[in-house]
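Participant: Have a look at this one before I ask anything.
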Amino acid sequence: MRDSHRRRRIASGRRATGAWCSGERRRVIAVDRSGPTGRPRPASGRRVLGPAGPAAPALPARRRRHARRRRPHHRRPRALSVVAVDWRIEALTVARGDDAATLFRTIFPQPWERPWSPAEFTALLATPGCFGHVLVDGGDDRPCGLILVRVAADEAEILTIGVAPELRRRGGAARLLERALVECTARGVRALYLDVADDNEPARRFYARRGFSEVGARPSYYARGAAPAVAARVMRRDLWRDA
């Protein structure tokens with residue numbers, strides 16, 4: 001009854017009140033004015049509720065075109081030509097102290113780096129618990145990298161590690177580090193430490209990818225010539241987890 005009464009009020013042009021009924025098709029117009037065809041048309045004035053007009057014809061669905069995303073125009077960097085190197089690792093003995101000192105100056109040519117003398121290498125290699133390895137290029141039997149480790153009880157420290165500048169980023173340092181890890185594990189080492197310069201971001205990422213984490217810092221540890229000294233990051237890897 002209420003719904004039929006509402007329809008009669010709307011058809012007569014009277015003002016509709018109350019909530020909209022479910023299922024009704026209505027539109028709001030300004031004034032209930034009828035045009036020549038008898039259909040209401042909007043005009044300025046008070047707003048009333050009039051009958052719904054005919055439904056608009058269904059338009060065909062427009063096919064949506066996927067917008068092509070423009071990629072930023074950046075020049076691709078040239079791929080680095082990596083040449084496979086036949087590495088060979090040999091033990092660094094006391095008798096090779098002179099060769100180790102020469103190789104150290106080749107690996108670290110910076111003028112602010114104080115090169116280790118042959119006597120220092122010989123004394124370190126003669127110390128109980130100290131060992132080292134030499135990376136040899138199998139193509140010309142030329143030493144091109146070294147690592148020196150000192151073991152004390154169940155801890156060890158990498159004193160130095162490096163590869164000749166022209167042969168870096170070819171896996172040589174990773175081979176040296178892997179050999180040192182095997183040696184430390186065989187000696188019962190539970191934690192391996194090393195120092196790396198704060199401004200040597202590639203080396204820090206290299207050690208982080210191989211399980212080392214930063215545990216401390218040494219302020220003003222590495223000299224940089226006339227520039228201020230750089231702090232050292234102390235990194236550690238727990239070997240007892242690998243056992």
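Participant: Could you say which residue among A232, A191 is assigned by TED's automatic domain parsing to the domain that holds P165, under 24 Å from V163 (Cβ atoms), touching a residue at least 24 places away in the same chain (Cβ under 8 Å) and of a type outside the set (S, T, Y)?
Facilitator: When all the criteria are applied, what remains is A232.
Participant: Separate question: Kindly list, by first and then second residue, each pair from a residue in the stretch 198-215 that is closer than 14 Å to L177 by Cβ and free of Cβ contacts under 8 Å to residues at least 60 places away in the same chain to a residue that is basic (K, R) and surrounded by 15 or more Cβ atoms within 10 Å (Cβ to Cβ), limited to pairs with Cβ atoms under 6 Å and residues at least 6 apart or on different chains.
Facilitator: Taking only residues 6 or more apart or on different chains, the pairs are G211/R237; F212/R237.
Participant: Being among the acidic types (D, E), more than 23 Å from A123 (Cβ to Cβ) and touching a strand residue (DSSP E or B) at 6+ places or on another chain (Cβ under 9 Å) is the requirement here; does E166 meet it?
Facilitator: Here the answer is yes, as E166 does meet what is asked.
Participant: Next question, about the same structure. Looking at the stretch 172-196, which of its residues are under 22 Å from the mean Cα position of the chain (by Cα) and crowded, with 16+ Cβ neighbours inside 10 Å?
Facilitator: Once the filter is applied, which keeps residues that are under 22 Å from the mean Cα position of the chain (by Cα) and crowded, with 16+ Cβ neighbours inside 10 Å, the stretch 172-196 yields A173, V196.
Participant: Next up: I need a count of the residues in the stretch 210-237 that are over 17 Å from I158 (Cα atoms) and not in a strand (DSSP E or B).
Facilitator: Selection size over the stretch 210-237: 2.
Participant: Tell me the strands (runs of 3 or more DSSP E) entirely within the stretch 101-201 that contain at least 1 residues that are farther than 25 Å from E214 by Cα and at pLDDT 90 or above.
Facilitator: 130-137, 142-152
Participant: Inspect all residues belonging to the stretch 197-218 and state whether any of them is surrounded by fewer than 14 Cβ atoms within 10 Å (Cβ to Cβ), of a type in the set (S, T, Y) and assigned by TED's automatic domain parsing to the domain that holds L92.
Facilitator: Within the stretch 197-218, one or more residues are surrounded by fewer than 14 Cβ atoms within 10 Å (Cβ to Cβ), of a type in the set (S, T, Y) and assigned by TED's automatic domain parsing to the domain that holds L92.
Participant: Which ones in the stretch 131-151 are hydrophobic (A, V, I, L, M, F, W, C), surrounded by fewer than 20 Cβ atoms within 10 Å (Cβ to Cβ) and farther than 20 Å from V196 by Cα?
Facilitator: V136 - this is the single residue of the stretch 131-151 that is hydrophobic (A, V, I, L, M, F, W, C), surrounded by fewer than 20 Cβ atoms within 10 Å (Cβ to Cβ) and farther than 20 Å from V196 by Cα.
The values are calculated or read from the model by the stated rules, or taken from the named source; none is laboratory data. Since this is a predicted model, take the numbers as computed values, not measurements. Positions of Cβ are backbone-derived with ideal geometry, glycine not excepted, and every protein chain shown enters the neighbour counts.
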